[in-house]
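Just below is one structure, and these are the notes that go with it.
The values are calculated or read from the model by the stated rules, or taken from the named source; none is laboratory data. On a predicted model such as this, the values are computed, not experimentally measured, just so you know. Here the Cβ positions follow ideal geometry from the backbone for every residue, glycine too, while neighbour counts run over all protein chains shown. The area values use the complete protein model at the heavy-atom level, side chains included, leaving out ligands, DNA and RNA. Shrake-Rupley method; radii C 1.70, N 1.55, O 1.52, S 1.80 Å.
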Amino acid sequence: MTVDHTRAPVLEALDDYHRQGRLSFTPPGHKQARGADPAVREVLGDAVFLGDVLASGGLDDRLTRGGVLERAEELMADAVHAEHTFFTTCGSSLSVKAAMPAVAGPREKLLIGRDAHKSVVSGLILSGIEPVWVEPRWDAERHLAHPPSAAEFDKAFTDHPDAMGALVTSPTPYGSCADLGSVAEVCHRYGRPLIVDEAWGAHLPFHPDLPSWAMDAGADICVTSIHKMGSGLEQGSVFHLRGDHVPPELLRLRADLLGTTSPSVLIYAGLDGWRRQMALRGKELMGAALDLAAEVRAAVEEIEGLHVEDRDDFCGPGLADDFDPLPVVIDLDGLGITGFQAADWLRAHRQIDAHLTDHRRIGTQITHGDDERTAHQLLAALRDLARAAPELPPAPRVEVPPPSELRMAQAVLPRDAFFGPTEDVPVREAAGRVAAEMVTPYPPGIPAVLPGERLTEPVVRYLTTGLAAGMNLPDPSDPGLETIRVLAADRADTE
């Protein structure tokens, strides 16, 4: 294929669809906004409905002979140095679920960093893969996890030579990164593929001052959310493939098993447009974002009581290998308030939405969509927060366990625990029982409890005190966490 990054096949086909005045007797039923509720049209605008056409038998013909999606994926692969790219409209939560069974099957082992997103755990439940957890590098002072080291993956392969591959999350939502080149080298030395959950790294290929990205580092499969740090629409995700450890037809087969048969052309268009934007102007746009983030970081550091987590905080022996400065993570310990309090105050009083929140931090990511105006609004709101903090109620204490008490034994496979016979027990009686559900502080979405783990008092106490302090726990069956779902009769004791 002749590479011409000024082209955008999906957008061009959509424009052609409208110019030809096609009349559809297929889904979607709103028929180019004509059937949509007027009140909905007023809020969303007709452009949303005009872009919402059938992918095959609409945007392309019924046999997709125009190759619209194929050409868009090939252009994306070229832009980010992959050999194959697959678009998905179900978010990276689905992409990572498709990538995992392309590497390992039911009851086969996969090495996984324990700081993985809840979607990875969902993938374990659906696939029946046996996880071998690889410990993150814990910062006990900041109560923060960084990606596991290459040495930890090497040790895990030595202990589990039958593992089919490895999965690492990099960057984390906090911006800390693994040495992906070294992790990939370890995997390939054992003849196994590396999956990188790089959902937060869509921007990494487009500026030399950003951390190395998965395909350039030698990873085999990379999952990327274009909507997080890119300019795609929500749920826009891609997975990239290189090398010969995973056949592209196998990855496509696994993705087809889980993906929708009704993909959103709107999301496809966002993916296609992002690629063109970055291929043509990525270095310029990312450079401006990096400059703006540096200005914001310096200004926040001057606000009394606030500290911006920087490279010196995140990187070093026993910590992360690299650092993305665009997720501007602010430590509020000096104000004596929690990230939950700060996020609620900023939303209620200054119409500012922070992203990541935890017991002592908020995340305020800067992207190429920000400018001096949005930066000034953020900084003004943070100064107001610092002034208001002494008047806020005392911060409820979140009892965060030390790293040695955060990890719980995996007594049963996640799939077996999730689908096994269960009962709900009072939270005060949960310690010692085997969890049958996930419990996940969100964001960032890293489960504190996995199905099959034997619950401990420190972790239960962390979750109950966190919930009381404002932590969001969207996935337990009892949102109030008065009860926890566990294996009935503790089946793990009989296996």
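Listing for the model above:
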item: Identity of the residue in region 80-97, closer than 20 Å to SER212 by Cβ and of a type in the set (Gly, Ala, Ser), that ends up surrounded by the most Cβ atoms within 10 Å (Cβ to Cβ); result: SER92
item: Number of the exception - PHE206 against (1) modelled with pLDDT under 95; (2) within 30 Å of GLY51 (Cα to Cα); (3) over 17 Å from the mean Cα position of the chain (by Cα); result: (1)
item: Total residues in region 50-94, condition more than 18 Å from LEU23 (Cβ to Cβ), outside any loop (DSSP other than H, G, I, E, B) and acidic (Asp, Glu); result: 4
item: Qualifying residue in region 289-304 (condition: within 30 Å of HIS188 (Cβ to Cβ) and within 24 Å of the chain's Cα centre (by Cα)); result: no
item: Subset of region 131-182 [among the aromatic types (Phe, Trp, Tyr) and farther than 22 Å from ASP216 by Cα]; result: TRP133, TRP138, PHE157
item: When residues of region 14-26 are limited to those that are in a helix (DSSP H, G or I) and over 16 Å from VAL48 (Cα atoms), the one most open to solvent (accessible area, probe 1.4 Å); result: ARG19
item: Qualifying residue in region 428-440 (condition: aliphatic (A, V, I, L, M), closer than 26 Å to PRO106 by Cβ, in a loop (DSSP other than H, G, I, E, B) and open to solvent by 10 Å² or more (accessible area, probe 1.4 Å)); result: yes
item: Pairs where the first residue, in region 168-186, is under 14 Å from VAL196 (Cα atoms) and the second is among the hydroxyl-bearing types (Ser, Thr, Tyr), C-beta under 7 Å, 6+ apart; result: CYS177/SER170; ALA178/SER170; LEU180/SER170; LEU180/SER212; GLY181/SER212
item: Residues (among the aliphatic types (A, V, I, L, M) and either buried (at least 24 other Cβ atoms within 10 Å of the Cβ) or under 16 Å from ALA289 (Cα atoms) (or both)) located in region 207-240; result: LEU210, ALA214, MET215, ALA219, ILE221, VAL223, ILE226, MET229, VAL238
item: Boolean, PRO106 is part of a strand (DSSP E or B), more than 24 Å from VAL53 (Cβ to Cβ), of a type outside the set (A, V, I, L, M) and more than 16 Å from the chain's Cα centre (by Cα); result: no
item: Residue match in region 134-147 (condition: in a helix (DSSP H, G or I) and either within 30 Å of ARG281 (Cβ to Cβ) or without any contact (Cβ under 8 Å) to a residue 40 or more places away in the chain (or both)); result: no
item: Residue match in region 374-387 (condition: surrounded by 23 or more Cβ atoms within 10 Å (Cβ to Cβ) and without any contact (Cβ under 8 Å) to a residue 60 or more places away in the chain); result: yes
item: Residue count, region 367-425 (criterion: out of contact with any strand residue (DSSP E or B) (no Cβ under 7 Å at 6 or more places or on another chain) and of a type in the set (Gly, Ala, Ser)); result: 9
item: Complete set of residues in region 441-455 that are among the hydrophobic types (A, V, I, L, M, F, W, C) and either over 24 Å from GLY128 (Cβ atoms) or open to solvent by less than 30 Å² (accessible area, probe 1.4 Å) (or both); result: ALA448, VAL449, LEU450, LEU455
item: Residue tally, condition touching a residue at least 40 places away in the same chain (Cβ under 8 Å), open to solvent by 20 Å² or more (accessible area, probe 1.4 Å) and among the hydrophobic types (A, V, I, L, M, F, W, C), over region 270-298; result: 5
item: Condition broken by GLY113, with the remaining ones in (1) at pLDDT 95 or above; (2) surrounded by fewer than 23 Cβ atoms within 10 Å (Cβ to Cβ); (3) closer than 30 Å to LEU332 by Cα; (4) among the small types (Gly, Ala, Ser) satisfied; result: (2)
item: Close pairs from region 42-68: first closer than 12 Å to VAL10 by Cβ and among the charged types (D, E, K, R), partner open to solvent by less than 70 Å² (accessible area, probe 1.4 Å) and not in a loop (DSSP other than H, G, I, E, B), Cβ under 7 Å, at least 6 apart; result: ASP60/ALA13; ASP60/VAL68
item: Residue in region 141-154 that is buried (at least 24 other Cβ atoms within 10 Å of the Cβ), over 30 Å from TYR462 (Cβ atoms) and at pLDDT 95 or above present; result: no
item: Total residues in region 393-427, condition modelled with pLDDT under 95 and over 29 Å from the mean Cα position of the chain (by Cα); result: 2
